[in-house]
Amino acid sequence: ADADLMILIDCPERDAADSLLGGAAGRLFDRMLAAIGRSRADVHLASLCAARPAAGRLPRDMDARLAEIARHHVGLAAPKRLLVMGDAASRAILSANVIEARGRLHPFNHKADTQSQVVASFHPRMLLERPVLKAEAWRDLQMLMGGSK
């Protein structure tokens, strides 16, 4: 609950019965965390949707409500840094797709005078589908851990 890094994704994977980011995407996610000296034990991992929708994607008509809940969740957690992974999470927090939001730190204001630094990056699911994006994701992780580059 008091983690300095929060990571927001869209929804659980198909093969993740009891945790977020299971299966192949989860294994890649764990390697990404290890590359920046982190693990699931010291980050706050959350998703926009508690269960995977039958269609596999979040319904666009639910975007506004899920975004409102996600922003409230981030405000309660008040992390120093927030990594939004994938288009749905990026739209919820930054009102922009990952491609539009990547490459810079975004401020997220909460709790009067405190602020989180937000970085948008690709979801591990996308990195498995398009491995060429892994270099871009690595740059995102470096920016996340570097603070205000």
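The values are calculated or read from the model by the stated rules, or taken from the named source; none is laboratory data. Note that the structure is predicted; figures quoted are calculated from it, not measured. Counting neighbours? That spans all protein chains shown, and the Cβs are built from the backbone with ideal geometry, glycine included.
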Condition check: in contact with a Gly (Cβ under 9 Å, 6 or more places away or on another chain) and closer than 21 Å to Cys11 by Cβ. Does Val98 satisfy that? yes
Scan segment 30-68 residue by residue and report those that are at pLDDT 90 or above, over 19 Å from Gln117 (Cβ atoms) and of a type outside the set (Gly, Ala, Ser). Asp30, Arg31, Arg40, Glu68
